[in-house]
Amino acid sequence: MKTLLPTRSFDDVNVGDELPELVIELTPTVIVSTAIASRDYQDVHHDRDLAQKKGSKDIFMNILSSNGFVGRYITDWTGPNAVLRSVKIRLGAPNYSYDTMRMTGVVESKEMVDGEGRVEIKIRGANQLGDHVKGTIDLVLPTDGAAP
Amino acid sequence: MSKSDQSLDERLQEYVNAAVQSPPGPPTRDPVNRPMIHHWCDAIGDTNPIYIDEELAAQSVHGGIVAPPTMLQAWGMGGLRGRGPSLPEHARAPAQVGDRDPGPVALLHEAGFTSVVATDCEQEYKRYLRPGDVLRVGGGLEAISGEKETALGNGHFVTNKTTYWDQHDEVVAEMRFRVLWFKPRQRGGE
């Protein structure tokens, strides 16, 4: 039988803890497959000719996918039993095809609320133009002694 | 005071003041489903087993497969043919907003704010979604800013609120989505 990997415990997380960097190579395949997986068929996310005609230098990532990478970045670090309560992101420089996005994050605060271990994480995803995304994520982590 | 005497800001604020949050519309085209979750996780590179592995998901706090929470907006997207009830406001051409009342986006177009870019997205999750959940979407205009100077050019921020209900008429998530309608800067002539 397979066993679910452990989840980082609220008790083991400290304010100021840094998440390991996640590097996303923004290949055309990444830009297009994420746009289509989110059912966003706006041409600037899959058609370079049209994107350039509209003034962009290439196709670029849609906002739904930026959300998706933020969610992945968080739970890659926490493990499977973190429960996301909110994700708030602000977009900056576009994630153009052939760029690289480097995601970093830090634990901003932690607090027990109503018996839950609530943690706030700030993240940023930067490419060579600047910050593509900055965000704040509120989530609940298991506490020691709590199952599982 | 006739319409033509009003400033653009006044006319935009009239829309904000009159805006109502619409009740849940018809169900989205597809219920929450595993194939769409698979496409999403493959594309994002998300290997969290609670989204994809039944045996491991059963051992999680959710007790079974759930959808990635940040996938929320995908469930209401119209798809290639624009089917489904919830083509987002920022994707609508002015003509689609309404014939009799052109709406704030048409006003912005008329005033030269013809380009749009998404700037903020805030999602709150009341619970994780499960395969089989049937979602309905409602919402509406919440705010329009005055004219702001931005790196892209001068523009107005337009905030829409979207609420997601499930098959039990419970609110499962809320989202605020902000776009900037702006006047593109003239390209420098060389």
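The residues in the range A:109-130 that are at negative phi and open to solvent by 60 Å² or more (accessible area, probe 1.4 Å) can be counted, and the count is 8.
Just so you know, in the range A:4-26 the residues that are touching a Leu at 6+ places or on another chain (Cβ under 8 Å) and β-branched (Val, Ile, Thr) include one that is nearest to the other protein chains (Cβ to nearest Cβ), and it is A:Thr7.
Scanning the range A:109-143 for residues that are in a loop (DSSP other than H, G, I, E, B) and either touching a strand residue (DSSP E or B) at 6+ places or on another chain (Cβ under 6 Å) or under 20 Å from A:Gly16 (Cβ atoms) (or both) gives a single hit, A:Thr143. When residues in the range A:48-74 are screened for being at pLDDT 95 or above and not hydrophobic (A, V, I, L, M, F, W, C), 10 of them pass.
When the range B:50-60 is filtered for residues that are open to solvent by 30 Å² or more (accessible area, probe 1.4 Å), within 9 Å of chain A (Cβ to nearest Cβ) and either within 19 Å of A:Ile63 (Cβ to Cβ) or part of a helix (DSSP H, G or I) (or both), only B:Glu55 remains. Being touching a Pro at 6+ places or on another chain (Cβ under 7 Å), within 14 Å of another protein chain (Cβ to nearest Cβ), closer than 16 Å to B:Gly132 by Cα and of a type in the set (D, E, K, R) holds for only one residue in B:Arg34, B:Arg29, and it is B:Arg34. Yes or no: A:Asp144 charged (D, E, K, R) and surrounded by 22 or more Cβ atoms within 10 Å (Cβ to Cβ)? Spelling it out, it is not the case that A:Asp144 is charged (D, E, K, R) and surrounded by 22 or more Cβ atoms within 10 Å (Cβ to Cβ).
For the range B:61-72, the count of residues that are among the aliphatic types (A, V, I, L, M), out of contact with any Leu (no Cβ under 6 Å at 6 or more places or on another chain), surrounded by 22 or more Cβ atoms within 10 Å (Cβ to Cβ) and more than 24 Å from A:Arg39 (Cα to Cα) is zero. Of the residues A:Arg39, A:Arg48, which single one is among the basic types (Lys, Arg) and closer than 17 Å to B:Trp40 by Cβ? After applying the criteria, what remains is A:Arg39. Among the residues of the range B:1-49, just one is surrounded by fewer than 15 Cβ atoms within 10 Å (Cβ to Cβ), in contact with a strand residue (DSSP E or B) (Cβ under 6 Å, 6 or more places away or on another chain) and small (Gly, Ala, Ser), namely B:Ser22. Restricting attention to the range B:53-81, the residues that are more than 30 Å from A:His46 (Cβ to Cβ) and among the polar types (S, T, N, Q) add up to 2. Of note, A:Thr29 satisfies the criterion of being facing chain B (nearest Cβ under 9 Å) and surrounded by fewer than 17 Cβ atoms within 10 Å (Cβ to Cβ). Annotation: of all residues in the range B:126-171 being in a loop (DSSP other than H, G, I, E, B) and within 18 Å of A:Leu91 (Cα to Cα), the one that is most open to solvent (accessible area, probe 1.4 Å) is B:Ala151. What number of residues within the range A:56-108 are open to solvent by 30 Å² or more (accessible area, probe 1.4 Å), facing chain B (nearest Cβ under 7 Å) and either in a loop (DSSP other than H, G, I, E, B) or of a type in the set (Lys, Arg) (or both)? Here the count works out to 4. Filtered by the rule that a residue be under 18 Å from B:Gly82 (Cβ atoms), over 17 Å from the mean Cα position of the chain (by Cα) and among the aliphatic types (A, V, I, L, M), the range A:28-45 gives A:Ile36, A:Val44.
The values are calculated or read from the model by the stated rules, or taken from the named source; none is laboratory data. Since the structure is predicted, the reported quantities are computational estimates derived from the model, not experimental observations. Using ideal geometry, Cβ is built from the backbone for each residue, glycine included, and neighbour counts are taken over all protein chains shown. To get the accessible areas, we keep the full protein, side chains included, count just its heavy atoms, and leave off ligands, DNA and RNA. Shrake-Rupley method; radii C 1.70, N 1.55, O 1.52, S 1.80 Å.
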